[in-house]
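Worksheet: one structure, shown below.
The values are calculated or read from the model by the stated rules, or taken from the named source; none is laboratory data. Predicted model, so just to flag it, every value in this text is computed and none were measured. Note that each Cβ is placed from the backbone with ideal geometry, even for glycine, and that neighbours are counted across all protein chains shown. Quick note on the areas: whole protein, heavy atoms, side chains included, nothing else; ligands and nucleic acids left out. Shrake-Rupley method; radii C 1.70, N 1.55, O 1.52, S 1.80 Å.
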Amino acid sequence: MTTIKKALSILTVILLIALVPASAFAQSASESFDNGLALMKKKDYDGAIASFKASMAINKSAANVKKCKAQISKCQKLMKSKGKSSAPVVVEKKLTLSAYTLPVPAAPESEFSVKVETLPESNDWTAVTEGSVTWIELSKSMDSKSLLLKVQPTEKTTVRNASIAVTYGSEVKRVNVRQAGRDVEIIPSTAFTKFKKKGGQLLINITCNSDTTYSNNYNWFIDKAPEWCNAEGTSTNLVLNVEPIDKKDPLYKAGRTGDIIIRSQNQECVIRIDQK
């Protein structure tokens, strides 16, 4: 009885193997054959022959063996005509950009285009911003021959920079984007003030939009003041303490005039003092 069970088990395995579709083997053989044809186009005849042999090993039908041997024969003739086995042709890839530096205004939102030339011609290139850059949006043109940039406006008064890496094969070229800052504004509550000969104190409000902080911890600083005026600043105010004019001073009758100069980045503000 045990012998009969073993015989039935063996018979079942044989039947299952027989029922496996031939297409399961034929598909792999077909893929190997197609791969061989593709390698022939690239003039990689050694690789093509290996693929055709693999196809024959998978599908040993007469029809498949015949067509594979025919292709192998073609490869061998082509190799013989060259006198040696042909390795895959390595094509050097070259990348050229129409611009490598891109100056951008602070506002409004701006769009720019950089032409991308590849040799051999291809749309298989990529572009990414380097670092944490959120103010530039990148895309390709419809024909993939240009890099498109959309740059958001800035509220900063300082310049900001970004680097964009364009890659094609092993070639990497960079576009440096430099966006200008907004104009610095220094606005005093008054740009002209008068003092009597006896002097006195005055507080002037200063509004400044600069993003630069100086050693006084403010975004503006006093660059110049008359010797007879002690000028000090807070975060939002300029405090003037004007000395009295001595009666023996030659300017006692005529009075005197001087300028307070406030600076921030590349801007200056002049406040005129008139004492009579």
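So, in the range 175-189, of the ones that are surrounded by 15 or more Cβ atoms within 10 Å (Cβ to Cβ) and under 11 Å from the mean Cα position of the chain (by Cα), which residue ends up nearest to CYS208 (Cα to Cα)? Give the steps one after another, and end with the answer.
The initial filter retains those residues of the range 175-189 that are surrounded by 15 or more Cβ atoms within 10 Å (Cβ to Cβ), namely 175, 177, 179-182, 184, 186, 188.
Imposing the further condition that a residue be under 11 Å from the mean Cα position of the chain (by Cα) reduces the set to 175, 177.
Working: VAL175: 33, VAL177: 27 Å.
Residue satisfying both the conditions and the ranking: VAL177.
For the range 240-256, how many residues meet the condition of being of a type in the set (A, V, I, L, M, F, W, C) and open to solvent by 30 Å² or more (accessible area, probe 1.4 Å)? Working first, answer last.
Going residue by residue through the range 240-256, those that are of a type in the set (A, V, I, L, M, F, W, C) are 240, 242, 245, 251, 254.
This time we only want the ones that are open to solvent by 30 Å² or more (accessible area, probe 1.4 Å), so: 251, 254.
Of the residues in the range 240-256, 2 are of a type in the set (A, V, I, L, M, F, W, C) and open to solvent by 30 Å² or more (accessible area, probe 1.4 Å).
Could you please let me know if SER235 is within 21 Å of THR157 (Cβ to Cβ), within 41 Å of the chain's Cα centre (by Cα) and without any contact (Cβ under 8 Å) to a residue 24 or more places away in the chain? Yes, satisfied. Can you confirm whether the range 205-226 contains a residue that is outside any strand (DSSP E or B), open to solvent by less than 80 Å² (accessible area, probe 1.4 Å) and farther than 19 Å from GLU268 by Cα? Within the range 205-226 (the criterion being outside any strand (DSSP E or B), open to solvent by less than 80 Å² (accessible area, probe 1.4 Å) and farther than 19 Å from GLU268 by Cα), the answer is no, since none of the residues qualifies.
Select from the range 47-98 the residues that are modelled with pLDDT of 90 or more and over 19 Å from SER32 (Cα atoms) and write down the one among them that is most open to solvent (accessible area, probe 1.4 Å). Among those that are modelled with pLDDT of 90 or more and over 19 Å from SER32 (Cα atoms), it is LYS94. Among the candidates GLU109, GLU137, GLU155, GLU117, which residue alone is exposed (fewer than 12 other Cβ atoms within 10 Å of the Cβ), charged (D, E, K, R) and in contact with a strand residue (DSSP E or B) (Cβ under 9 Å, 6 or more places away or on another chain)? Going through GLU109, GLU137, GLU155, GLU117 in turn, the sole match is GLU109.
Using the structure shown, decide if ASN230 is under 18 Å from LYS198 (Cβ atoms) and surrounded by fewer than 16 Cβ atoms within 10 Å (Cβ to Cβ). Can you show your working first?
Values: under 18 Å from LYS198 (Cβ atoms): yes; surrounded by fewer than 16 Cβ atoms within 10 Å (Cβ to Cβ): yes.
When the stated conditions are applied, ASN230 passes them.
Has the range 2-10 got at least one residue that is in a helix (DSSP H, G or I), at pLDDT 90 or above, exposed (fewer than 15 other Cβ atoms within 10 Å of the Cβ) and of a type in the set (D, E, K, R)? Looking for residues that are in a helix (DSSP H, G or I), at pLDDT 90 or above, exposed (fewer than 15 other Cβ atoms within 10 Å of the Cβ) and of a type in the set (D, E, K, R), one finds none in the range 2-10, hence no.
Consider the range 191-204. How many of its residues are exposed (fewer than 11 other Cβ atoms within 10 Å of the Cβ) and of a type in the set (Ser, Thr, Tyr)? Residues in the range 191-204 being exposed (fewer than 11 other Cβ atoms within 10 Å of the Cβ) and of a type in the set (Ser, Thr, Tyr): 0 in total. Checked against (1) among the polar types (S, T, N, Q); (2) farther than 13 Å from ARG263 by Cα; (3) modelled with pLDDT of 90 or more, SER235 passes all but condition (3). Number of residues in the range 142-151 that are surrounded by fewer than 15 Cβ atoms within 10 Å (Cβ to Cβ) and in contact with a strand residue (DSSP E or B) (Cβ under 9 Å, 6 or more places away or on another chain) equals 2. Would you tally the residues in the range 123-153 being under 19 Å from ALA106 (Cβ atoms) and either in contact with a Pro (Cβ under 9 Å, 6 or more places away or on another chain) or of a type outside the set (Ser, Thr, Tyr) (or both)? Number satisfying all stated conditions: 9.
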